[in-house]
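Student: Mind having a look at this structure? Questions to follow.
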Amino acid sequence: MKVEIQSIHFKADKKLLEFVTKKIEKLATFYDGIRSAEVFLRLEKDAEKENKVIEVKVNLNANTIFAKEQSTTFESGMDMLMDKLVTQVRKYKEKHQSKLSFIS
């Protein structure tokens, strides 16, 4: 799976990039039809404490899923975001498999 990470309004260090990439690649264990993922790491100037925003767009075979999380750290935000993404990927997989079993 191809993972693209963009940091907006700051320069992300290598450790953060590796952490995010490792987390996103774990999605492939839930569904093998994931083609790519785009991750946007952004610092919000308006927010006081929860100023780290993570947005992830996952491209599946025929669809795209999206999730967004705002947190005090990118690491904790990524953990919360993964819960959302795993849920969406599982739902998509179940729906996709039920359509295939209905056809055959």
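Student: Could you grab me the full set of residues in the stretch 64-97 that are closer than 21 Å to residue 49 by Cα and in a strand (DSSP E or B)?
Tutor: Correct list: 67, 68, 69, 70, 71.
Student: Could I ask something else about it? Report, by residue number, each residue of the stretch 38-63 that is assigned to a loop (DSSP other than H, G, I, E, B), of a type in the set (Lys, Arg) and either free of Cβ contacts under 8 Å to residues at least 24 places away in the same chain or at positive phi (or both).
Tutor: 49
Student: State all residues of the stretch 58-70 that are under 22 Å from residue 97 (Cα atoms) and touching a strand residue (DSSP E or B) at 6+ places or on another chain (Cβ under 7 Å); if no residue qualifies, say none.
Tutor: 58, 59, 64, 65, 66
A quick yes/no check of all residues on (1) out of contact with any His (no Cβ under 7 Å at 6 or more places or on another chain); (2) at pLDDT below 95; (3) of a type in the set (A, V, I, L, M):
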{"site": "38", "(1), (2), (3)": "yes, no, no"}
{"site": "47", "(1), (2), (3)": "yes, yes, yes"}
{"site": "52", "(1), (2), (3)": "yes, yes, no"}
{"site": "66", "(1), (2), (3)": "yes, no, no"}
{"site": "73", "(1), (2), (3)": "yes, yes, no"}
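Student: Which ones in the stretch 1-37 are surrounded by 14 or more Cβ atoms within 10 Å (Cβ to Cβ) and part of a helix (DSSP H, G or I)?
Tutor: Listed by number, the residues that qualify are 16, 17, 19, 20, 21, 23, 24, 27.
Student: Among the residues of the stretch 6-31, what is the count of those that are basic (Lys, Arg) and touching a helix residue (DSSP H, G or I) at 6+ places or on another chain (Cβ under 8 Å)?
Tutor: Residues flagged as basic (Lys, Arg) and touching a helix residue (DSSP H, G or I) at 6+ places or on another chain (Cβ under 8 Å) within the stretch 6-31 amount to 2.
Student: Could you give every pair whose Cβ atoms fall below 6 Å, whose first residue belongs to the stretch 14-36 and is in contact (Cβ under 8 Å) with a residue 40 or more places away in the chain and within 17 Å of residue 69 (Cβ to Cβ), and whose second residue is of a type in the set (Val, Ile, Thr) and in a helix (DSSP H, G or I), counting only separations of at least 6 or pairs across chains?
Tutor: What qualifies is 27/89.
The values are calculated or read from the model by the stated rules, or taken from the named source; none is laboratory data. The model shown is predicted, which means the values in this text are computed figures rather than measured ones. Positions of Cβ are backbone-derived with ideal geometry, glycine not excepted, and every protein chain shown enters the neighbour counts.
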